[in-house]
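Visitor: Below you will find the structure I want to go over with you.
The values are calculated or read from the model by the stated rules, or taken from the named source; none is laboratory data. Just so it is clear, the structure is predicted and the values come from calculations on it, not from any experiment. Note that each Cβ is placed from the backbone with ideal geometry, even for glycine, and that neighbours are counted across all protein chains shown.
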Amino acid sequence: MLAILDRAAIHRARNAFHTARHRLRYRLERYGRALRYARSAMTADDAHQFIYEAEYRAGHYSLAAFTVAEVMDAAAERWGNVPGMQRWAVDAAARVSGKWNDDTSELPGAACEWALQIMQEYAAADGVQLVEQDEDDEGEEA
C-alpha cells in the first residue's frame, strides 16, 4: 500500500513539475513577443500569434483571410516575377485592407483583384509597366 501511495505522489509531483515548466515556457515566449513588439522588432510569426490571441480575447474571428502571399501569388501568375513586386504587393494589400468593407457577402478574391489594380498603379508610378502573361494555348483548343 505504501508503494502505491509513493508512486501516486511521485506521479502527481511529476505532473506538477511538467505543468509548471510548460506555463513558465509559455509565459516567457509571450514576454519575448511583447518585448519584440515594444522594440519594433517583431517577426511575422509574432504578428500572427498576436492576431490569434487577440481574436480569442475580443471574441471576433475573421472568417476570410486576405494576405500579401495571396496577392503575390496572383500577381506572379498574372505578370510573372517582376523586380519590386514584393514592395508593391505589401503596399497594395495594406491599402486595400485599410479601405475594404468587411461585409461577408463580398468575396476575398475581389479584395485581391483590387490590390492587383493598385499594384499596377504603384508599378506605373515607379516607371514599370506590368504586362499580363499569355494564357496557355492548350486550354483554348477544344
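Visitor: What pairs come up if the first residue lies in the range 32-59 and is under 19 Å from V90 (Cα atoms), the second is part of a helix (DSSP H, G or I) and of a type in the set (D, E), and their beta carbons are under 6 Å apart, counting only those six or more places apart or on different chains?
Guide: Cβ pairs passing all conditions: none.
Visitor: Here is a follow-up. Looking at the range 13-32, which of the residues that are of a type in the set (K, R) and modelled with pLDDT under 95 is surrounded by the fewest Cβ atoms within 10 Å (Cβ to Cβ)? Walk me through how you get there before you give the answer.
Guide: Looking only at the range 13-32, we keep the residues that are of a type in the set (K, R), and these are 14, 21, 23, 25, 27, 30.
Those still in the list that are modelled with pLDDT under 95 too: 14, 30.
Details: R14: 10, R30: 13.
Among residues in the range 13-32 that are of a type in the set (K, R) and modelled with pLDDT under 95, the one surrounded by the fewest Cβ atoms within 10 Å (Cβ to Cβ) is R14.
Visitor: List the number of the failed condition for R87; all other conditions in (1) over 30 Å from A123 (Cβ atoms); (2) at pLDDT below 95 hold.
Guide: Among (1) over 30 Å from A123 (Cβ atoms); (2) at pLDDT below 95, the lone unmet condition for R87 is (1).
Visitor: Look at R39 and say whether it is surrounded by 10 or more Cβ atoms within 10 Å (Cβ to Cβ) and among the charged types (D, E, K, R).
Guide: On the way: surrounded by 10 or more Cβ atoms within 10 Å (Cβ to Cβ): no; among the charged types (D, E, K, R): yes.
Judged against the criteria, R39 is not a match.
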